[in-house]
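One structure is given below, encoded as structure tokens.
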Amino acid sequence: MVQARGLIVLKRMKSFALALAVNILCIGVAFSQVNSQATEIHWSEVDRHYLVDNLARTRDFIIEETRNLSPSQWVFKEAPDRWSINQVVEHLGIWELLFDREISMSLSAGPQPELAKIAKPDSTYLNFLLEEKVHITTDFTKPFTYTVPLGLNDGKSNVTRLVKMRDECIAYVGTTHEDLRLFFQRAGRGNIHQVCINIFGHTDRHLRQIRKIKQHKNYPKN
């Protein structure tokens with residue numbers, strides 16, 4: 001009888017030890033998964049260099065395309081309902097401010113990894129901005145028209161303001177330790193990395209417009 005009881009106790013101890021080992025293993029796997037998710041990096045150094053290079057490239061092209069323009073060249077329009085180079089740069093500055101605000105609001109909202117899982121690919125934003133189809137700026141700001149440039153400021157001041165904002169963006173992107181693919185203003189919007197794609201892609205779009213203005217047969221020679 002004593003021997004039988006001893007065998008029962010031994011079996012129970014073995015079963016308990018096995019269950020304990022299984023539980024420890026499961027806890028270890030779960031902890032490893034959580035720790036892996038917490039340290040997973042979505043935004044790489046390759047991403048950082050890509051943004052910095054393109055933000056700087058488009059900034060420099062704006063500076064170059066507007067360097068030494070005469071007053072008549074700044075305000076020339078291909079037609080009465082078209083924008084001058086001055087207005088194009090003003091428009092870029094307005095949107096630069098709006099994009100910068102979106103970045104600030106996204107940072108304030110904190111990391112949102114659940115949105116990162118359903119984020120659109122980067123190409124969605126760049127392809128949209130670089131398509132040949134005409135974009136009507138007020139379609140994106142209804143019922144307001146605040147992105148329509150008035151042309152009241154001089155061109156050099158518009159460039160200075162744009163470059164100031166762009167330099168701040170480049171400085172931030174070039175030094176931040178945040179994972180910019182985890183920050184969204186809200187669902188349905190791009191992450192900060194993609195907002196920066198919007199910034200340089202929008203500039204590329206309007207650089208194309210500036211060059212087209214310069215190619216017009218009536219564009220002033222000086």
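Summary of computed values
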| read-out | value |
| --- | --- |
| Size of charge dipole - the range 44-197 - debye, nearest 20, with Cβ of Lys, Arg +1 and Asp, Glu -1, no other charges | 280 debye |
| Whole-number percent relative contact order across the range 44-214, with pairs defined as alpha carbons under 8 Å at least 6 apart | 42 percent |
| Spacing of the two label points (7 Å from each Cα toward its C-beta) at residue 53 and residue 141, in nm | 3.3 nm |
| Point-charge dipole on Cβ atoms (K/R +1, D/E -1) for the range 38-102, about Cα centre, debye to 20 | 300 debye |
| Residue (of 104, 141, 116) at the positive-pole extreme of the range 89-153, dipole from beta-carbon charges | 116 |
| Gained length - residue 222 relative to residue 150, 0.36 nm times residue gap less alpha-carbon distance | 23.6 nm |
| For the range 44-214: lysine pairs under 24 Å (alpha-carbon distance), excluding those fewer than 8 apart on one chain | 12 |
| Gain in span if fully extended, residue 79 to residue 134, counting 0.36 nm per residue against the direct Cα distance | 18.2 nm |
| Sum of side-chain charges, residue 177 neighbourhood, beta-carbon under 14 Å (Lys, Arg +1; Asp, Glu -1) | -2 |
| Qualifying chymotrypsin sites (Phe, Trp or Tyr not before Pro) in the range 113-222, DSSP loop, other Cβ atoms within 10 Å at most 14 | 144, 146 |
| Trypsin sites (Lys or Arg not before Pro) restricted to DSSP loop in the range 110-160 with at most 12 other C-beta within 10 Å | 117, 133 |
| Environment charge of residue 209, counting only residues whose C-beta is closer than 11 Å and scoring Lys/Arg +1, Asp/Glu -1 | +3 |
| Positive dipole terminus of the range 146-222, leading residue within 210, 171, 187 (C-beta point charges) | 210 |
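Every number here is computed from the coordinates shown, using simple stated rules; none is lab data. Predicted model, so just to flag it, every value in this text is computed and none were measured. Cβ atoms come from the backbone with ideal geometry, glycine included; neighbour counts cover every protein chain shown.
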